[in-house]
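The values are calculated or read from the model by the stated rules, or taken from the named source; none is laboratory data. Just so we're clear, the structure is a prediction, and the values are computed from it rather than from any experiment. A quick note on method: Cβ atoms are made from the backbone with ideal geometry, for glycine too, and the neighbour counts reach across all protein chains shown. Calculation scope for accessible area: heavy atoms of the full protein, side chains included, ligands and nucleic acids excluded. Shrake-Rupley method; radii C 1.70, N 1.55, O 1.52, S 1.80 Å.
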Amino acid sequence: MRDVVGSFVGWPSDLIFPDAETLTRPTHKVGKGISRRIESVASQKEVPGRKLKSAAKDIPTTSGTKSQIMMCLEKMVDESDIMHGAIRSIDFDEGVFGAAHFEIIAKEDMQQLFEHDELGIAVIHTYIWYMYVTLMRGTELCNRFNFIAASRINATLITKNPTSVKNDLVDRFMAAGDNTTPSLYFLPFNSGNGGHWVLVAMDLSRLIVYYLDSLSGDWSKYPSMKKTVDAAIIKFRSKKNYRNRKDITWVRVQCPQQNNSIDCGFFVLRFMRDIIALNRIDIPKMYFEEYKSYSRAHLDEIKDELCQFIVDQRII
């Protein structure tokens, strides 16, 4: 298996073959054309926190080419009923978004990974699930980092019904406890209609909102988003009878910048991954010394991690 030397995670035993040309799908059967519900199963081989220690170090040495695990998954997808219009419905742990959540995976979602294309909500959410299961579940990180579903809070929904979006955001805050100790809420925010992704990270205890955008500019590009976030934080603190000691402070983080028109989703995932891996609630205005820029290899690592996770979870 020369092609997988240096791989950052182990392969399931039923996916180890002496020749890449003989790769086949895992031995489970699904009715043709019928969507299958996948139950979230914790890997018995993972020790909570173990991957966290090496997450900032294991960067692939090559970029722009497909890894062995990606080619394996691509072959599985090609041979599945997904190529003929079938879907997979995945049940997430309730801890991921603070409530029951399921995601639909279809052919176009897998192609976004394989072709390094603009990412949609399904891929964003599935990688968030990966981070929760692999880096956070069963550790104190669950008390420090929380995720907000992009399907509930985005520009399109704010335009249609800002009050409903605000209330959904308040409900998410309420689901996580009293929020009196520093923690971050990650909101991958989309500008609407498959547009640009930015990351909004909220520290409710210190009334700080970090804004990370892989393109130039700040939150003034999305005034309705800022207004909704501010209103939700104020309403949450009112419901909890917290006193607002000061105004909400927004911080424009000088984060790594993309050099094309498609990488914003990958950058948002990488932002969240690195903040969790470094276990940092306070995000420096000039970003982290460890990550002043992102190479293609940093983004390829995101794809390989997700491909491995999809294989391990038997999603296809």
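Given a 1.4 angstrom probe, I'd like the percentage of the accessible area of region 110-204 that is carbon and sulfur, rounded to a whole number. Walk me through the numbers before you get to the answer.
Values: 1400 of 3130 Å².
Carbon and sulfur: 45 percent of the exposed surface of region 110-204.
Given R₀ = 22 Å, what would the calculated FRET efficiency be for R314 paired with H84, taking r from the Cβ atoms and rounding to 0.05? That gives a FRET efficiency of 0.70. Full extension of the segment from Q257 to C142, taken as 0.36 nm per residue of separation minus the current Cα-Cα distance, would add 38.6 nm. The modelled label-to-label distance between T156 and L278, using points 7 Å beyond Cα along the C-beta direction, is 3.3 nm.
The distance between label points at M174 and K285 comes to 3.6 nm (points 7 Å beyond Cα on the Cα→Cβ vector). Here the spin labels are modelled as points 7 Å beyond Cα on the Cα-Cβ line, and at A99 and N193 they lie 2.8 nm apart.
Ordering of 132-142, 265-275 by packing is 265-275, 132-142, highest average first (other Cβ atoms within 10 Å, averaged per residue).
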